[in-house]
Amino acid sequence: MAVYTLPELPYDYAALEPVINPQIIELHHDKHHAAYVKGANDTLEQLAEARDKEQWGSINGLEKNLAFHLSGHILHSIYWHNMTGDGGGEPLAADGVGELADAITESFGSFAGFKAQLTKAAATTQGSGWGVLAYEPLSGRLVVEQVYDHQGNVGQGSVPVLVFDAWEHAFYLQYKNQKVDFIDAMWAVVNWQDVAKRYAAAKSRADVLLLNP
């Protein structure tokens with residue numbers, strides 16, 4: 001059976017300073033993300049045991065655990081690559097990300113409108129969660145999603161292309177309880193090249209949502 005593995009960071013722990021300090025990156029990746037990988041693998045083993053023994057008393061909890069840990073693993077895997085120490089600003093055609101820039105304008109009216117919506121979605125998530133820019137294949141547009149925990153409140157079939165982690169472990173050691181300040185600072189490290197590649201890949205596989213196979 002296939003298992004999930006913790007991906008390596010695409011940079012060193014200090015690469016995102018001063019937006020995110022090295023201690024946060026180390027703990028976030030090596031401890032928190034690793035825990036979601038382990039949780040997903042452990043849950044798969046527990047589900048296999050339940051099938052073998054035909055014991056389904058814990059099925060509800062196991063299915064929820066799988067969704068939680070697997071989604072945590074997926075979103076964090078995107079999160080690390082969505083950031084770079086040389087990032088920030090606005091996606092521009094001059095930087096080779098014009099298709100993404102046009103899609104943002106078409107979907108949200110302007111980059112400023114999109115930025116405000118994603119900032120508010122991430123900063124006002126109740127409890128733990130994410131602000132996510134996702135490609136929605138049914139309409140072919142970009143949407144902002146306010147994700148609770150790792151898996152709640154999302155449109156089925158949408159593909160995340162830019163994610164802002166709004167869990168306290170992503171910022172508390174540096175920003176204390178000022179989540180809004182952290183989200184505002186995140187815009188300075190967005191890797192638009194990575195976001196653009198994810199958008200192009202998602203758009204090219206738009207028929208993955210088979211409403212009429």
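The values are calculated or read from the model by the stated rules, or taken from the named source; none is laboratory data. Just so it is clear, the structure is predicted and the values come from calculations on it, not from any experiment. Neighbour counts are summed over all protein chains in view; Cβ atoms, including those assigned to glycine, are modelled from backbone coordinates with ideal geometry. What goes into the accessible areas is simple: the full protein's heavy atoms, side chains included, and nothing from ligands, DNA or RNA. Shrake-Rupley method; radii C 1.70, N 1.55, O 1.52, S 1.80 Å.
Annotations
- Per residue, in Å², the accessible surface of the stretch 52-172 once ligands and nucleic acids are set aside, probe 1.4 Å: 47
- Taking other residues whose beta carbon is less than 15 angstrom from the beta carbon of Gly155, and scoring Lys, Arg as +1 and Asp, Glu as -1, yields -1.
- Accessible carbon and sulfur surface of the chain relative to its total accessible area, %, 1.4 Å: 51
- Value of Rg/Rh across the stretch 100-197 [Cα atoms, Kirkwood radius]: 0.96
- Projecting label points 7 angstrom from Cα along Cα→Cβ for Ser204 and Asp181 puts them 4.2 nm apart.
- Shape category assigned to the stretch 80-144 from the gyration tensor of Cα positions, a/c cut at 1.5: oblate
- Over the chain, DSSP H runs of length four or greater, each weighted -39,500 (n - 2.57), average out per residue to a 222 nm ellipticity of -14500 deg cm²/dmol.
- Averaging 1/r across all pairs of distinct Cα atoms in the chain and inverting the result yields a Kirkwood radius of 18.2 Å.
- Using a simple spin-label model with pseudo-atoms 7 Å out from Cα toward Cβ, Glu17 and Leu138 lie 4.7 nm apart.
- Compared with the dominant principal axis of the Cα atoms in the chain, helix 111-123 is inclined by about 40°.
- For the stretch 1-111, the relative contact order comes to 25 percent (Cα pairs under 8 Å, sequence separation of at least 6).
- Axis of helix 34-53 versus longest Cα principal axis of the chain: the two differ by about 30°, to the nearest ten degrees.
- Counting only Cβ charges, +1 for Lys and Arg and -1 for Asp and Glu, the dipole size of the chain around its Cα centre is about 380 debye.
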